[in-house]
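The values are calculated or read from the model by the stated rules, or taken from the named source; none is laboratory data. Since this is a predicted model, take the numbers as computed values, not measurements. For neighbour counting, all protein chains shown are included, and Cβ atoms are generated from backbone atoms with ideal geometry for every residue, glycine included. Heads up: the accessible areas ignore ligands, DNA and RNA and are worked out on the full protein's heavy atoms, side chains in. Shrake-Rupley method; radii C 1.70, N 1.55, O 1.52, S 1.80 Å.
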Amino acid sequence: MIEILPMADREKESAILDQTQRVAGEARVLAMQERETVLGWVALELEHEILRILKFYADGYDFSRKPQGEEIFILDTLMRSAASYGETFGARKIETVFPDFFGFLQARGFDSDELHAFTPMSTIVKYHHLGENSRK
């Protein structure tokens with residue numbers, strides 16, 4: 001079973017965060033694990049209404065080429081988990097501290113420039129209100 005949770009090993013989390021370009025706010029690392037094996041992680045920080053993605057890691061992927069297969073699954077799942085985590089704490093926007101890579105984030109609805117990618121939270125987290133009928 002795959003789990004995505006804030007990293008339990010705070011020393012390892014701190015070491016990862018020390019290697020990121022932090023801006024401000026509270027930072028965490030969400031780890032994606034299957035049993036004891038870490039498949040990937042996303043380092044993020046929350047600043048007011050902004051969820052900032054600091055860095056991605058997917059086992060075996062070095063960002064020198066377009067992600068493929070399981071790499072896409074891991075990165076996409078981590079991005080969506082980070083969005084859900086940020087939304088829980090009141091974030092309304094998502095941005096990265098790095099430019100889009102191979103159109104990965106643009107394909108998921110992000111805008112981007114040469115420095116970073118960004119989007120409203122509603123691009124990733126869908127909001128449904130009680131009593132609202134589903135439209136098919």
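Number of residues in segment 1-25 that are within 22 Å of T77 (Cβ to Cβ), assigned to a helix (DSSP H, G or I) and among the aliphatic types (A, V, I, L, M) equals 2. Scanning for something of a type in the set (S, T, Y) and open to solvent by 70 Å² or more (accessible area, probe 1.4 Å), does segment 50-61 turn up at least one residue? Yes: segment 50-61 contains one or more residues that are of a type in the set (S, T, Y) and open to solvent by 70 Å² or more (accessible area, probe 1.4 Å).
Looking across segment 87-115, not a single residue is of a type in the set (G, A, S), open to solvent by 50 Å² or more (accessible area, probe 1.4 Å) and in contact with a helix residue (DSSP H, G or I) (Cβ under 6 Å, 6 or more places away or on another chain).
Here A31 meets each of (1) more than 12 Å from the chain's Cα centre (by Cα); (2) hydrophobic (A, V, I, L, M, F, W, C); (3) assigned to a strand (DSSP E or B) with one exception, condition (1). Taking the criterion of being closer than 23 Å to R80 by Cβ and either open to solvent by less than 50 Å² (accessible area, probe 1.4 Å) or hydrophobic (A, V, I, L, M, F, W, C) (or both), the residues of segment 1-21 that qualify are M1, I2, I4, L5, M7, A8, E13, I16, L17, T20.
Checking the conditions here, which among G25, G40 is touching a His at 6+ places or on another chain (Cβ under 9 Å) and touching a residue at least 24 places away in the same chain (Cβ under 8 Å)?
So the residue among G25, G40 that is touching a His at 6+ places or on another chain (Cβ under 9 Å) and touching a residue at least 24 places away in the same chain (Cβ under 8 Å) is G25.
Per the conditions (1) open to solvent by less than 50 Å² (accessible area, probe 1.4 Å); (2) farther than 18 Å from K93 by Cα; (3) at pLDDT 95 or above; (4) among the β-branched types (V, I, T), the sole criterion not satisfied by V42 is (2). Among the residues of segment 68-89, the ones that are within 20 Å of A27 (Cα to Cα) and in contact with a Leu (Cβ under 8 Å, 6 or more places away or on another chain) come to 9 in all.
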